[in-house]
1. Which of the residues belonging to segment A:190-211 are closer than 17 Å to B:T194 by Cα and either without any contact (Cβ under 8 Å) to a residue 12 or more places away in the chain or within 20 Å of the chain's Cα centre (by Cα) (or both)?
2. Charged (D, E, K, R) and either at pLDDT 95 or above or buried (at least 21 other Cβ atoms within 10 Å of the Cβ) (or both) - does that describe any residue in segment B:161-173?
3. Please indicate, with yes or no, whether at least one residue in segment A:92-104 is assigned by TED's automatic domain parsing to the domain that holds A:M15, at positive phi and buried (at least 17 other Cβ atoms within 10 Å of the Cβ).
4. In this structure, is B:V83 over 20 Å from B:A118 (Cβ atoms), surrounded by 20 or more Cβ atoms within 10 Å (Cβ to Cβ), of a type in the set (A, V, I, L, M, F, W, C) and over 17 Å from the mean Cα position of the chain (by Cα)?
5. Within segment B:73-92, is even one residue β-branched (V, I, T) and in contact with a His (Cβ under 8 Å, 6 or more places away or on another chain)?
6. Among the numbered criteria (1) within 29 Å of B:L38 (Cα to Cα); (2) within 17 Å of the chain's Cα centre (by Cα); (3) not charged (D, E, K, R), which one does B:N110 miss?
7. Among the residues that make up segment A:226-239, is at least one of them out of contact with any Gly (no Cβ under 8 Å at 6 or more places or on another chain), outside the structural domain of A:H115 (by TED's automatic domain parsing), under 30 Å from B:A118 (Cβ atoms) and in contact (Cβ under 8 Å) with a residue 24 or more places away in the chain?
8. Find the strands (runs of 3 or more DSSP E) located wholly in segment B:70-144 whose residues include 1 or more that are of a type in the set (G, A, S), and list them.
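The values are calculated or read from the model by the stated rules, or taken from the named source; none is laboratory data. Computed from a predicted model, the values in this text were never measured in an experiment. Here the Cβ positions follow ideal geometry from the backbone for every residue, glycine too, while neighbour counts run over all protein chains shown.
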Protein chains: 2
Amino acid sequence: MTIAIIGIGLIGGSMAISLKENGFADKIIGVDKISDNLDKALRRKLIDEALPLATAIEQADIIIMAIPVDALETLLPKILDQVDQQIVMDVGSTKWVLAKAIENHPKRKNYVATHPMAGTENSGPEAAQPDLFLGKCNVICDQEKSGTDALAQVKKLYESLQMSIVYLDSKSHDVHTAYVSHISHISSFALALTVLEKEKDEKRIFELASGGFGSTVRLAKSSADMWIPIFEQNKENVLDVLDEHINTLAKFRTLIIKNDFSTFHQLIEKSNHIRKIIK
Amino acid sequence: MTIAIIGIGLIGGSMAISLKENGFADKIIGVDKISDNLDKALRRKLIDEALPLATAIEQADIIIMAIPVDALETLLPKILDQVDQQIVMDVGSTKWVLAKAIENHPKRKNYVATHPMAGTENSGPEAAQPDLFLGKCNVICDQEKSGTDALAQVKKLYESLQMSIVYLDSKSHDVHTAYVSHISHISSFALALTVLEKEKDEKRIFELASGGFGSTVRLAKSSADMWIPIFEQNKENVLDVLDEHINTLAKFRTLIIKNDFSTFHQLIEKSNHIRKIIK
């Protein structure tokens, strides 16, 4: 099996490592518009060969698109124009805009919409790592719109990564990910920005910040190029959950002002319930 | 050296382990108003003996108070009433209210105000762990108000835990910790609450939540009994930084509504600067 990976960053590069290691792929072709990424990927032996897009499409059995979601929206239809039997899958964090962009494409059945729920705050081929996907969950969207063979191959691919699979329609996917992923990033970006603005003395942040602060601002190290298009494509859902989050914070604010620490205590105990869901 | 630890929870219990292990303490006496905690601490061999408060004070060279900050405010003056040569230190997360509560106490020089910047989201003696403090930072407040010997002994204690020491006045301490610790907790409690309210399908949270969500809501598992008194005692500073945080989120919201993703991109790149401060 020859796999072409378009975008050799954290996700594409980590897939390259794992799919080669577990024997699912015999050959990994890398495609990236940044030639420096391809050089790094070749040096780290993430990919066997770097090829131009058209040649990679021709030679591949499965094409994995691991690029930001705005680039996906433009490039996915063009790639589907060029495929014959090849299977195309993306790993983007939003699904609804993309689903609409290719819903009437004659090669729609060659495409499987996926979103492996795994990542770190780092990006680029140097951030690629083995076992990034191990034991995590992958979402397949709108499965009924993919061809039987394409779906079966993509399922095999994710099973080879030892991921569990959840099936959702694109619209539900974007609602859920706004809650469990996108708002976490917005909150973390905002927290880092707030503290950087308020705490001009960076040495103090460095000295005093303990693990708690570190974990809440970890995601604020994430790439703007990757995340801005996600917020843009998932605008309505992100706004919906962001409004709720601001409301919750404003409620906390009012309780503090009113010295109603007893109600505040109850709300914190309610939030502690997350312990039962997230280990 | 005999150390009495009042409050054998995460911090008190972890100090017990480390101070015994590194030889700073010959004997650890445990005091806790919850007898179950004392039983657990004895079973885990965190403490050598469980004693009533008055006896513990009599027998100890250093008394470490590791209890919630509201209890500290009440109990610290009473303990200072009972000491002769003994050194008393607390490890509370707020300092200004406590400083005021004992500023004119005749035994003020026996007391050293400290705040080791270390912790986890877990509490109780079962959460105690070795190396919790290793390489972290401890704050000593208002050092000029402590006696020379008391200060020297407490410095030695923290050096034995391999912590670096930063000196601040109580008021500055409370300002800085509002930024680098208290707001992280408020943000995390709010995020968990928001997601729990919006995402009624808990199975979906569990399935889809990846490491990013986990790290931003980790602190939401923290104890309300510990944190509410911190927010209450540090009310003004917490409100100040909370207002800023809400403003930043509201600014993000406006940019999304106005489709000004270019300015939003710039702000995220600015927040990325946290990467240079927090490793």
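1. Scanning segment A:190-211 gives a single hit, A:A190.
2. yes
3. No, segment A:92-104 contains no residue that is assigned by TED's automatic domain parsing to the domain that holds A:M15, at positive phi and buried (at least 17 other Cβ atoms within 10 Å of the Cβ).
4. Against the criterion (over 20 Å from B:A118 (Cβ atoms), surrounded by 20 or more Cβ atoms within 10 Å (Cβ to Cβ), of a type in the set (A, V, I, L, M, F, W, C) and over 17 Å from the mean Cα position of the chain (by Cα)), B:V83 does not qualify.
5. Filtering segment B:73-92 down to residues β-branched (V, I, T) leaves B:74, B:79, B:83, B:87-88, B:91.
Checking which are in contact with a His (Cβ under 8 Å, 6 or more places away or on another chain) leaves us with B:91.
Taking every residue of segment B:73-92 in turn, at least one turns out to be β-branched (V, I, T) and in contact with a His (Cβ under 8 Å, 6 or more places away or on another chain).
6. (2)
7. No, segment A:226-239 contains no residue that is out of contact with any Gly (no Cβ under 8 Å at 6 or more places or on another chain), outside the structural domain of A:H115 (by TED's automatic domain parsing), under 30 Å from B:A118 (Cβ atoms) and in contact (Cβ under 8 Å) with a residue 24 or more places away in the chain.
8. Per the criteria, B:111-116.
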